[in-house]
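Engineer: Have a look at the structure that comes next, please.
The values are calculated or read from the model by the stated rules, or taken from the named source; none is laboratory data. What you are looking at is a predicted structure, and each value in this text was computed from that prediction instead of being measured. Here Cβ is always computed from backbone atoms with ideal geometry, including for glycine, and neighbour counts include all displayed protein chains. Ligands, DNA and RNA are stripped out before the accessible areas are found, and what is left, the full protein with its side chains, is counted by its heavy atoms. Shrake-Rupley method; radii C 1.70, N 1.55, O 1.52, S 1.80 Å.
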Amino acid sequence: MANLTQKMIMDVFLQLLKKKNLDKITVREIVDRCDINRNTFYYHYSDIFDLFDALICSSFTDAAPLLGSPETRGECIRSISSFMEKNKSALRNSCNSSAYPLL
């Protein structure tokens, strides 16, 4: 489970990602909105792509254990689908980014 600072950074990042392409988001924007310093950001993440990776991993962490059982696979798919539906603009902005091949 992420600590409060990491959660705040991820929440702000996701809000920004819903509005603009991944490659247009800066660490400066995130730290200003979180009211933290850059060192705090870099303590938790090496760069924006590391943050993006952490966001995706944490978003699917709850669904992953459901894959182990045939009875819960449908629930896993519903969980992932729900995340994707709620965050489709963020996912679109990730895919439309010039950084997409790196992802």
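Engineer: Looking only at the stretch 82-96, count every residue that is of a type in the set (S, T, N, Q), within 12 Å of residue 17 (Cβ to Cβ) and surrounded by fewer than 16 Cβ atoms within 10 Å (Cβ to Cβ) and tell me the total.
Structural biologist: Of the residues in the stretch 82-96, 2 are of a type in the set (S, T, N, Q), within 12 Å of residue 17 (Cβ to Cβ) and surrounded by fewer than 16 Cβ atoms within 10 Å (Cβ to Cβ).
Engineer: Please go through (1) part of a helix (DSSP H, G or I); (2) modelled with pLDDT of 90 or more for residue 36 and return the number of the only condition it doesn't satisfy.
Structural biologist: Condition (1) is where residue 36 drops out.
Engineer: Right, next: Taking into account only those residues within the stretch 1-33 that are part of a loop (DSSP other than H, G, I, E, B) and of a type in the set (A, V, I, L, M), which is modelled with the lowest pLDDT?
Structural biologist: Looking at residues that are part of a loop (DSSP other than H, G, I, E, B) and of a type in the set (A, V, I, L, M), I get 1.
Engineer: Anything in the stretch 16-66 that is open to solvent by 80 Å² or more (accessible area, probe 1.4 Å) and either among the basic types (Lys, Arg) or in contact with a Cys (Cβ under 7 Å, 6 or more places away or on another chain) (or both)? List them, or say none.
Structural biologist: Matches in the stretch 16-66: 18, 19, 24, 28, 33, 38.
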